[in-house]
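First up is the structure itself, then whatever we jot down about it.
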Amino acid sequence: MTSPFFQFTADSLAGQPVSLADYSGRWVLVVNTASQCGFTPQYAGLEQLYQKYRDKGLVILGFPCNQFGGQEPGDASDIAQTCQVNYGVTFPMFAKIDVNGADAHPLFHWLKAALPGLLGQSIKWNFTKFLLDPEGKPVKRFATVTKPEAIDRYLQAKIRSQHSSTARAGE
């Protein structure tokens with residue numbers, strides 16, 4: 001059975017529709033982001049994760065959101081500049097969306113239902129992170145305060161176990 005994750009689409013920061021099926025077979029870290037947040041420096045750590053693991057099957061998907069303290073007020077050009085110039089972000093960034101409420105992007109409705117947090121099926125703040133396995137199954141939710149370095153330790157174990165089981169299967 002195909003994961004619902006692969007049935008979603010989202011607009012890229014440039015406004016082009018992207019099928020999330022494009023990420024089938026990869027570990028996916030979905031993050032709601034903001035450019036003017038106290039947690040914005042996490043962009044640098046997320047980029048480090050992406051550089052470290054992208055050749056091992058990880059992709060990070062950034063979804064800007066202005067629902068928390070108005071900390072993502074800019075347009076796509078402003079968001080791109082903050083991400084690329086200030087933090088060197090090269091992972092895919094998407095158009096600004098809502099993550100809570102009636103207008104939340106369907107992907108976030110699904111993620112919050114699959115991995116509820118302390119507030120149940122809502123997101124508390126910017127930089128909440130959802131990890132999905134290569135089959136599109138949500139496996140772990142990381143709080144806003146969880147730094148990318150902590151996620152790195154989790155990924156090391158997951159990706160190592162995946163590679164060793166793949167190697168065994170091929171023997």
**Report entry** Of all residues in the range 64-76 being surrounded by 22 or more Cβ atoms within 10 Å (Cβ to Cβ) and free of Cβ contacts under 8 Å to residues at least 60 places away in the same chain, the one that is nearest to Phe127 (Cα to Cα)
**Finding:** Pro64
Query raised in the report: Which residues, counting only those in the range 112-151, are part of a helix (DSSP H, G or I) and either within 18 Å of Gly69 (Cβ to Cβ) or in contact with a Leu (Cβ under 6 Å, 6 or more places away or on another chain) (or both)?
Result: Pro148
Query - Residues of the range 60-90 classified as on the phi > 0 side of the Ramachandran plot and under 18 Å from the mean Cα position of the chain (by Cα), total - result: 1
Report task. With the checklist (1) out of contact with any Asp or Glu (no Cβ under 7 Å at 6 or more places or on another chain); (2) part of a helix (DSSP H, G or I); (3) not β-branched (Val, Ile, Thr) in hand, flag the one item Gly45 doesn't pass. Result -> (1)
Report task. Please specify each residue of the range 1-36 satisfying the condition of being more than 15 Å from the chain's Cα centre (by Cα) and either at positive phi or surrounded by fewer than 19 Cβ atoms within 10 Å (Cβ to Cβ) (or both). Result -> Met1, Thr2, Pro4, Gln7, Ala14, Gly15, Gln16, Pro17, Gly25, Gln36
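Quick note: the coordinates plus some simple rules give every number you see, no bench work behind them. The structure presented is a predicted model; accordingly, all values stated were derived computationally and were not measured. So basically every Cβ, Gly included, is an ideal-geometry build from the backbone, and we count neighbours across all protein chains shown.
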